[in-house]
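Q: Quick one: this structure, given as structure tokens, is what I'll be asking you about.
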Amino acid sequence: MPPPEYVRPASLAAAIGLLHRDHARLVGGGTDVILRLPPDVDTLIDLSDLGLDTIVEMDDGTYIGSMATLTAILEHPGLARLLDGYVASMMRQVGSPLLRNLATIGGHIARGRISDVIPVLLTLDARVGVYDGADHSLGLEEYLEAGAGRSGTIVTHVMIPHPAPGTAAEFLKFGRTAFDLALLNCACLATVSQGHVTTARVVIGETPHLGSRLASVERLLVGSDLGPAVIEDAAELARSAVAAGSDLRASAAYRRQLAFVATKRCLTAIASRAGTVPA
Amino acid sequence: MRVTFTVNDRPTTADIDPGESLMWVLRRLGWTGVKNGCDNGDCGTCAVLVDGRAVNACLMFAAKAAGTTIVTIEGLGGEGTLHPLQRTAVDSGSVQCGFCTPGVLMTAADLLAHNPHPTEYDIREALVGNLCRCTGYVKQIEGVLAAVAAMAEDEA
């Protein structure tokens, strides 16, 4: 097979045109593509020349260009302040600095599997900007659910809405080593107003499935006082509600126990912080 | 295809396969301080600086490096002189087989360029992607801490 063509289009329209070739692959950081390059790939489309690497705070939220590296996100001062360093606390546990210096947020989300990033973004109600010839914006959950329907689109940005006052969040990852993939991860967020939870997000991931919201646990938390009894109930519910499976990393039973512990620890941490910022 | 970049201050043009990694290209150019430990992004022995940031060269398309400034271990020190990180690596006894050392030092160089006063924890966090089979990491971390002190003294 002839080697692929490596191109850096100067416009999104040109990039989409190339993507419609039968065997094209998009290159963000390229760290996944380079390891799993099928022999029939004829075009590698590098998105580096499209100006998609900026991180900008706007009125409605923070817009992270899809070509921003994970390091750029980790080091961004505004994102470092967001919810007492919630995003940064997760990002420093993703891979290694070597990997983060190359990997892009857009490439990571488009991959849509094996992720500590996606659970955090789901709790933040993140939105994804995509281009398929025209610009569209959709919720991250909707984007992930599209599955194979995402082919032929280019992620242009991720948007994190500004959290409401009184919001706190916590991320936790269990792994064997500092560089390992998660056995299980957990991202929780709550907004507390006048002593009661008004918004709750609970995402447990690497179960081994990609993180998804536990709606039943969230419903339990909304309206509650986020006290120790409620937290204990929520953690027990997470234990049974999580879609845990066994794989080479961990057994389903162990993951259920991790889900209980992670939920309890995250919510306890949140309870001490949420509501302290006046609504 | 042809790609042009700067390696250790030398403008370089190379013929490459569009699908190949920077690690293979740099080694073919003679920069064999860039080690091939796993060719999978798991060990860190191929770490080089690209525009000042340490990356796994095996995970970077060589074509992606077009127009960049690359530094390998051979270019970390000056002509005939060792970088403090290299000096303290030797003095701290952290070089056993030496295979992981280039990757460790390039990663540490990136860390110190962006955080000149790291804590021991910062150094440990920075090195999570650099595996070592020989040392148990203790002396590597001591070596980096000693380089931090030496470089701070040079500044003073």
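Q: Can you give me the distance in nm between label points at A:E145 and A:S240, each placed 7 Å from the Cα along the Cα-to-Cβ direction?
A: Going from the A:E145 label point to the A:S240 one covers 2.6 nm.
Q: For the stretch A:30-104, compute Rh as the Kirkwood radius over C-alpha pairs and then the Stokes-Einstein diffusion coefficient at 20 °C and 1.002 mPa s; write the answer in µm²/s, rounded to an integer.
A: In µm²/s, the coefficient is 154.
Q: So if I restrict to the alpha-carbon atoms in the stretch B:1-83, what is the Rg, and what is Dmax, the biggest pairwise distance, in Å?
A: Rg, Dmax (Cα atoms, Å): 11.8, 36.
Q: Using a 10 Å cut-off on Cβ to Cβ distances, tally the other chain neighbours for every residue of B:52-59 and report the average as a whole number.
A: Partner-chain Cβ atoms within 10 Å, mean over residues of B:52-59: 6.
Q: Moving on to the next point. Anything losing 30 Å² or more of accessible area from the isolated chain to the full protein assembly: pick those residues out of the stretch A:85-101, probe 1.4 Å, ligands and DNA/RNA ignored.
A: With the partner chains in place, the stretch A:85-101 has these residues losing at least 30 Å²: A:R92, A:P97, A:L98, A:N101.
Q: Can I ask one more? Give me the dipole magnitude in Debye, nearest 20, for the stretch A:92-228 about the Cα centre, with unit charges on the beta carbon: positive for Lys and Arg, negative for Asp and Glu.
A: 320
Q: Restricting to Cα pairs below 8 Å that are 6+ residues apart, what does the relative contact order work out to for chain A? Please round to a whole percent.
A: Relative contact order, chain A: 15 percent.
Q: Still on this structure, I have one more. Rounded, prolate or oblate for the stretch A:89-138? Axes are the square roots of the Cα gyration tensor eigenvalues, ordered a ≥ b ≥ c, and the cut-off for rounded is a/c under 1.5.
A: Oblate shape, in that a/c is at least 1.5 and b/c is the bigger or equal ratio.
Q: Using a 1.4 Å probe on the protein chains only, how many percent of the accessible area of the stretch B:16-156 belongs to carbon and sulfur?
A: Here it works out to 53 percent.
Q: I need the shape label for the stretch A:160-279. Rule: rounded when a/c is under 1.5, else prolate if a/b > b/c, else oblate, with a, b, c from the alpha carbon gyration tensor.
A: Prolate, because a/c is 1.5 or more and a/b exceeds b/c.
Q: With every protein chain left in place, what is the accessible area per residue of the protein assembly as shown in square angstrom, probe 1.4 Å?
A: About 43 Å² of surface per residue is accessible.
Q: Among all the aspartates and glutamates, which ones have a C-alpha under 18 Å from A:K173's C-alpha, if same-chain residues fewer than 8 places away are not counted?
A: Cross-link targets: A:D84, A:D116, A:E206, A:D247, B:E125.
Q: Under the Cβ-under-4.7 Å rule, which cysteines of chain A stay unpaired?
A: A:C186
Q: For the modelled label position 7 Å from the Cα of A:E232 along Cα-to-Cβ, which residues of the stretch A:191-206 have backbone nitrogen atoms closer than 20 Å?
A: A:197
Q: Please list, in order, the residues from the stretch A:180-208 whose amide nitrogen is less than 18 Å from a point placed 7 Å along the Cα→Cβ vector of A:H162.
A: A:191-192
Q: Can you give the net charge of the other residues whose Cβ lies under 12 Å from the Cβ of A:P97, counting K and R as +1 and D and E as -1?
A: 0
Q: Over the stretch A:132-279, calculate the relative contact order: mean separation of alpha carbon pairs under 8 Å at least 6 apart, over the residue count, as a percent.
A: 25
Q: If r is the Cβ-Cβ distance from B:D17 to A:S193 and R0 is 56 Å, what FRET efficiency results, to the nearest 0.05?
A: The formula returns an efficiency of 0.45 here.
Q: Using only the heavy atoms of the protein chains and a 1.4 Å probe, how would A:S137, A:S151 rank by accessible area, largest first?
A: My answer, sorted largest first, is A:S151, A:S137.
Q: So, one more: Rounded to the nearest 100 Å², what is the sum over both chains of accessible area buried where A meets B, with a probe of 1.4 Å?
A: Adding both sides of the contact gives about 2200 Å².
Q: Given the Cα-Cα distance of A:T177 and A:R21 and 0.36 nm per residue of separation, how much length would full extension add, in nm?
A: Working it through step by step, the gained length comes to 52.1 nm.
Q: Would you mind estimating how fast the protein assembly as shown diffuses translationally, via Stokes-Einstein at 20 °C and 1.002 mPa s with the Kirkwood radius over Cα pairs, in µm²/s?
A: Translational diffusion coefficient: 93 µm²/s.
Q: Ok, one more. Taking every residue in B:60-66, how many Cβ atoms of other protein chains lie within 10 Å of its Cβ, on average?
A: Mean number of neighbouring Cβ atoms from other chains: 6.
Q: Relative to the longest principal Cα axis of chain B, at what angle does helix B:138-155 sit, 0 to 90 degrees, rounded to 10?
A: With rounding to tens, the tilt is 90 degrees.
Q: I'd like to compare A:91-102, A:4-15: which one has the highest average count of other Cβ atoms within 10 Å, and what's the full order after that?
A: So the peptides A:91-102, A:4-15, ranked by packing, come out A:91-102, A:4-15.
Q: Excluding same-chain residues fewer than 8 positions from B:K35, which lysines have a Cα within less than 28 Å of its Cα?
A: Leaving aside lysines fewer than 8 places away in the same chain, those within reach of B:K35 are B:K64, B:K139.
Q: Place a point 7 Å from Cα of B:A113 in the direction of its Cβ. Which residues in the stretch A:35-74 have their backbone N less than 11 Å from it?
A: The answer is none, because no backbone nitrogen lies closer than 11 Å to the label point.
Q: Please compute one quarter of the surface area of the Cα convex hull for chain B and express it in square nanometres.
A: In nm², the orientation-averaged hull projection of chain B is 8.8.
Q: Something else about it: Under a point spin-label approximation (7 Å from Cα along Cα-to-Cβ), what is the A:D42-A:Y254 distance to one decimal in nm?
A: Label-label distance for A:D42 and A:Y254, simple model: 4.6 nm.
The values are calculated or read from the model by the stated rules, or taken from the named source; none is laboratory data. Everything numeric here is computed off the predicted structure, so don't read it as measured data. No Cβ is skipped: glycine too gets one built from the backbone with ideal geometry, and neighbour counts run over all protein chains shown. Just so you know, the surface numbers come from the protein's heavy atoms only, side chains and all, with ligands and any DNA or RNA stripped out. Shrake-Rupley method; radii C 1.70, N 1.55, O 1.52, S 1.80 Å.
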